[in-house]
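What follows is a short report on a single structure.
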Amino acid sequence: PCNQFGKQAPGTGEEIAATCRSEYLVPYQIFEKIEVNGENEEPLYAYLKKEQPFKDITGDGARKLKMVLKVMDRHYKDNDDIKWNFTKFLVDREGNVVQRFEPTESLEDVKARVKELL
């Protein structure tokens, strides 16, 4: 969980995990609440962003997300920050960060790329 995107995760890590389990029946472990951008960002995210910089927002909902981002930061295109929840990074078996998927990109595209790497 991260609260850097429209303040969508204001609770504690424990509260967020409890909500995910009770309301959404999430069966997997929910990690601690962290920051993915800025001076307190987790080192893993600094590495992921360095390996796969931001390119563009594409896919369904891209236009709407771009409008939101422009209001929040009109220079959002000029940095590699995580732009919104559910940005995904694909890492291969050797530990190489091979692709970054923005939150508006199709999960079918993610799935297809994973299959290519298997």
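The values are calculated or read from the model by the stated rules, or taken from the named source; none is laboratory data. Worth saying up front: this structure is predicted, and the values here are computed from it rather than measured. Ideal geometry is used to build each Cβ from the backbone, glycine not excepted, and the neighbour counts take in all protein chains shown.
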field: Whichever residue in the stretch 4-33 is surrounded by 15 or more Cβ atoms within 10 Å (Cβ to Cβ) and touching a residue at least 24 places away in the same chain (Cβ under 8 Å) and, among such residues, is nearest to K83 (Cα to Cα)
entry: F5
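Acidic (D, E) and within 12 Å of the chain's Cα centre (by Cα): does that describe D60?
Judged against the criteria, D60 is not a match.
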message: Pull out all pairs, ordered by first then second residue, where Cβ-Cβ is under 9 Å, the residues are six or more apart or on different chains, the first lies in the stretch 40-62 and is surrounded by fewer than 17 Cβ atoms within 10 Å (Cβ to Cβ), and the second is outside any helix (DSSP H, G or I) and among the hydroxyl-bearing types (S, T, Y).
response: T58/T104; G59/T104; G59/S106; D60/T104; D60/S106; G61/T104; A62/T104
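Here's the yes/no breakdown for (1) under 20 Å from I34 (Cβ atoms); (2) of a type outside the set (D, E, K, R); (3) in contact with a helix residue (DSSP H, G or I) (Cβ under 9 Å, 6 or more places away or on another chain):
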position	(1), (2), (3)
L69	no, yes, yes
K83	yes, no, yes
K88	yes, no, yes
V97	yes, yes, yes
E105	no, no, yes
D109	no, no, no
- request: Please name all residue pairs, on different chains or six or more residues apart, with Cβ atoms under 8 Å, provided the first residue is in the stretch 63-75 and is within 17 Å of E102 (Cα to Cα) and the second residue is assigned to a helix (DSSP H, G or I) and of a type in the set (S, T, Y).
  value: L69/Y76; K70/Y76
query: Which ones in the stretch 25-70 are at pLDDT below 95 and among the hydroxyl-bearing types (S, T, Y)?
result: Y28, T58
query: When residues of the stretch 74-118 are filtered for being modelled with pLDDT under 95 and among the small types (G, A, S), how many remain?
result: 1
message: Looking at the stretch 1-47 only, could you name the residues that are in contact with a Gly (Cβ under 7 Å, 6 or more places away or on another chain) and either of a type in the set (K, R) or under 22 Å from D78 (Cα atoms) (or both)?
response: K33
- prompt: Which condition breaks for G6 when tested against (1) more than 14 Å from the chain's Cα centre (by Cα); (2) over 28 Å from E116 (Cβ atoms); (3) at pLDDT below 95?
  reply: (1)
